[in-house]
Amino acid sequence: MLAVHRPSSAVTDGDSLQVPMMIASFQKRFPSLSRDSTAASFHTHEVGPNQCCSAVIQEISAPISTVWSVVRRFDNPQAYKHFLKSCDVIGGDGGNVGSLRQVHVVSGLPAASSTERLDILDDERHVISFSVVGGDHRLSNYRSVTTLHSSPISGTVVVESYVVDVPPGNTKEETCDFVDVIVRCNLQSLAKIAESSVVEGKKKTSM
């Protein structure tokens, strides 16, 4: 199950946007989010006057450890982000905060490459965050935070939120529509990979 929430209030100068506000309509559906302080503390974005913000939530029928083993790989985002064709670590070792990567985008998108910095990698609380610091694309000042939360029903709930500048000639709604599609596809791909891994693990165990 996947859900998207885009708060209309996330467009004014200096707003501090928190997950309880962003995903209030989903807390009954995802009770683990309302009990988890990680969601509120990490999905807080300062949204400027020419920026937009949104969040996508994905349920995955796999243990949080399985999902995290894929998500935490800052050096290998193309494992589940199929809009990326390659990734090169150009600063640091790819596993420490401050590491830089250059990702190359598949043809057909209005971008060629993106240079990104690892801002947070918390293995204990299952949080990863990165910022776009350069590249050939239109998503300036993009910052993404992804958190994983245990769910007694599905196994794992993934929350990915972001804030980004609105490119010249586009509206906030158009920008969020475009980015939401990419994030949504990425998380659906992540779900398929993690759930397939669980199935394969069960097959090996039963052999």
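The values are calculated or read from the model by the stated rules, or taken from the named source; none is laboratory data. Just so it is clear, the model here is predicted, and its values are computed rather than measured. Using ideal geometry, Cβ is built from the backbone for each residue, glycine included, and neighbour counts are taken over all protein chains shown. Protein only, heavy atoms only, side chains kept; ligands, DNA and RNA dropped before computing areas. Shrake-Rupley method; radii C 1.70, N 1.55, O 1.52, S 1.80 Å.
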Exception for T66 within (1) touching a residue at least 12 places away in the same chain (Cβ under 8 Å); (2) open to solvent by 20 Å² or more (accessible area, probe 1.4 Å); (3) among the polar types (S, T, N, Q); (4) under 26 Å from T175 (Cα atoms) falls at (4)
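Please pick out the residue among V183, V199 that is of a type in the set (V, I, T) and open to solvent by less than 10 Å² (accessible area, probe 1.4 Å).
Only one candidate passes the filter, namely V183.
Does G108 fit the bill of being free of Cβ contacts under 8 Å to residues at least 24 places away in the same chain and surrounded by fewer than 17 Cβ atoms within 10 Å (Cβ to Cβ)?
yes
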Could you figure out which of (1) in contact (Cβ under 8 Å) with a residue 60 or more places away in the chain; (2) among the acidic types (D, E); (3) exposed (fewer than 15 other Cβ atoms within 10 Å of the Cβ) isn't true of E59? (3)
Taking R138 as the residue in question, decide whether it is farther than 20 Å from V198 by Cα and modelled with pLDDT of 95 or more. no
Restricting attention to region 118-130, does a residue exist that is in a strand (DSSP E or B), open to solvent by less than 10 Å² (accessible area, probe 1.4 Å), on the phi < 0 side of the Ramachandran plot and among the β-branched types (V, I, T)? yes
Could we say that F83 is at pLDDT 60 or above, surrounded by 21 or more Cβ atoms within 10 Å (Cβ to Cβ) and under 23 Å from A111 (Cα atoms) here? no
